DNA sequence: GCCGTTTTCGGCCCGACTGTTTTCAGTCG
């Protein structure tokens, strides 16, 4: 193959762009929506969609049909999509950019183009300043003013439309502060609940959604402006209020009468795609779901629901957990009765990835072990970095031997929990490890992971990972894709091949609970489990406080549809030990 | 352009807000 395969990100971007172009061209909205849905599906895919398309299997992905599969093949073989080239010749790139401005969409961009020859941010600004925009039929002075305001907005380029997303713990913390402050100001009996992507426990969040029930809606909505977390409020009434935190995160507060609490909570929890799909299911059953109730076609009666369960029941479905509401097959599973019983934090019986001040952690073995015991764990692995970590405080082989003794001593002193002597060993670029086998064989728990040389290319990285996975003494691979949420993309690696090797060898793959990582991701962990891989959820704690990160790993596991049975560290230590490769080998 | 407990054709959520309108179109979530 002469040409490098387009990445999933590149394919998704091409579909988003093609959607924008078709929208400018006046295509029916469903076609445009189909492109955007396909872009999202490709972006979430864990394997090379270009590779799938070449084999004719991209249509297995929901949202990709024969036409889009052909376009992916075109993109892979020629570097472009003919339809996109044709449309790009028709509409200048600046025009597409205009459709991303707030308040402007395809229709108005096209109108400005046809009437005034506007084809860029610059020419739009000039037309608005010359008061030509207000003269266009259908537009007016208010719209023109708004345009100038939008174009003047510092500091970001208004055309990039990329509001910073906040990782989940930060978003959750602010949401809880705002909700708590609202509760304090609300009359007795009021309720303030967190909805939206925070409730779905997404990797990151772009706005905060709150649902309140109260007897004094005007008063509650007005009180949002008075909160110390809130910078400004753009609207407030009995239906709710919208504001901006000092960190620039939009907050939407919606208020319902108590009997409609379930309808509004369901609506505002989303996701948008889940709600749209749920409402389609309901329509087929002759019902119409909105945030106000469920309208029955046959009787003309709208039923309100105090609880979300009731909304789903009226759609003919069992309750669906918030973490599953991403339109990733949950409605089908609900109908078929195959929704998983999701793992919870309470199912976790041990943590198998942690650091002490022997490497880059901040507490002693004893402090970490005691804190783990206080969390109710039965076992806890100390896995400091190996010799070639490269970020200081590397543990030499001699130091690791000493560490094994220290863990054994701490185990005596702490009591009530089994401390395991382990290591997080570097996977070198050729797939080898940086301790010798004799030393590794003495450890209770061997974690291997990549910390250097991320950009060696997909083939080399895949071979590197598989070599480590096939190592008989490696129990688990930590943070298998190296991603950092909102900061660093996963390194190029063939996850299908990694999952196959892990399943074949009985090597466990981690969901790392560090909220910047959550690696494997939800969709990758789901694919891994489907491939027969057993998952471990860890905190990767570097101090006592971050043992708490286990919860973000569990959140990702829930979004990955995982049950307790698919996660190794929900088992007793005796059962966990039987899972280890070396035990399986002995058992034959 | 996708998809199938009605379907290989004919559908494809629901409502708020804004600004332009005189009954609605466009945009947004």
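Among the candidates A:129, A:124, A:168, A:112, single out the residue that is closer than 30 Å to residue A:214 by Cβ and either out of contact with any helix residue (DSSP H, G or I) (no Cβ under 6 Å at 6 or more places or on another chain) or without any contact (Cβ under 8 Å) to a residue 40 or more places away in the chain (or both). Break it down into steps so the answer makes sense when it comes.
Working: A:129 fails: closer than 30 Å to residue A:214 by Cβ; A:124 fails: closer than 30 Å to residue A:214 by Cβ; A:112 fails: closer than 30 Å to residue A:214 by Cβ.
A:168 is the lone residue from the list that is closer than 30 Å to residue A:214 by Cβ and either out of contact with any helix residue (DSSP H, G or I) (no Cβ under 6 Å at 6 or more places or on another chain) or without any contact (Cβ under 8 Å) to a residue 40 or more places away in the chain (or both).
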Would you say residue A:197 is touching a residue at least 40 places away in the same chain (Cβ under 8 Å), over 29 Å from the mean Cα position of the chain (by Cα), in a helix (DSSP H, G or I) and more than 8 Å from DNA strand B (Cβ to nearest atom)? no
Using beta carbons and a limit of 8 Å, which pairs, at least six apart or on different chains, have the first residue in the range A:22-36 and under 18 Å from residue A:64 (Cβ atoms) and in contact (Cβ under 8 Å) with a residue 24 or more places away in the chain and the second one within 6 Å of DNA strand B (Cβ to nearest atom) and not in a helix (DSSP H, G or I)? A:34/A:63
Within the range A:334-449, considering only helices (runs of 4 or more DSSP H) that don't extend past its boundaries, which have at least 2 residues that are under 16 Å from residue A:550 (Cβ atoms)? A:365-374
Determine whether residue A:153 is near DNA strand B (Cβ under 8 Å from one of its atoms) and either more than 34 Å from the chain's Cα centre (by Cα) or modelled with pLDDT under 95 (or both). no
Over the range A:26-65, the set of residues more than 21 Å from residue A:87 (Cβ to Cβ), within 21 Å of the chain's Cα centre (by Cα), near DNA strand B (Cβ under 9 Å from one of its atoms) and assigned to a helix (DSSP H, G or I) is A:41
Looking only at the range A:314-330, and only at residues there that are closer than 14 Å to residue A:287 by Cβ and surrounded by 15 or more Cβ atoms within 10 Å (Cβ to Cβ), the one that is nearest to the chain's Cα centre (by Cα): A:317
Identity of the residue in the range A:206-232, under 19 Å from residue A:195 (Cα atoms) and free of Cβ contacts under 8 Å to residues at least 40 places away in the same chain, that ends up surrounded by the fewest Cβ atoms within 10 Å (Cβ to Cβ): A:217
Restricting the range A:115-131 to residues that are over 22 Å from residue A:22 (Cβ atoms) and within 13 Å of DNA strand B (Cβ to nearest atom), which is surrounded by the most Cβ atoms within 10 Å (Cβ to Cβ)? A:128
Would you check which residues across the range A:265-290 are assigned to a helix (DSSP H, G or I) and over 10 Å from residue A:327 (Cβ atoms) and list them? A:265, A:266, A:267, A:268, A:269, A:279, A:280, A:281, A:282, A:283, A:284
Go through the range A:132-145 and count every residue that is crowded, with 16+ Cβ neighbours inside 10 Å and closer than 25 Å to residue A:25 by Cβ. 5
Pick from the range A:81-109, criterion touching a helix residue (DSSP H, G or I) at 6+ places or on another chain (Cβ under 7 Å) and free of Cβ contacts under 8 Å to residues at least 40 places away in the same chain, ranking: nearest to residue A:136 (Cα to Cα): A:94
Would you please name the residue that is nearest to DNA strand B (Cβ to nearest atom), looking only at residues in the range A:276-303 that are closer than 24 Å to residue A:217 by Cβ and touching a residue at least 24 places away in the same chain (Cβ under 8 Å)? A:290
Suppose the filter is touching a helix residue (DSSP H, G or I) at 6+ places or on another chain (Cβ under 7 Å) and over 21 Å from residue A:365 (Cβ atoms); does residue A:431 pass it? yes
Could you go through the range A:238-252 and let me know if any residue there is closer than 28 Å to residue A:513 by Cα, part of a helix (DSSP H, G or I) and more than 14 Å from DNA strand B (Cβ to nearest atom). no
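The values are calculated or read from the model by the stated rules, or taken from the named source; none is laboratory data. What you are looking at is a predicted structure, and each value in this text was computed from that prediction instead of being measured. Every residue, glycine as well, gets a Cβ built from its backbone with ideal geometry; the counts of neighbours run over all protein chains shown.
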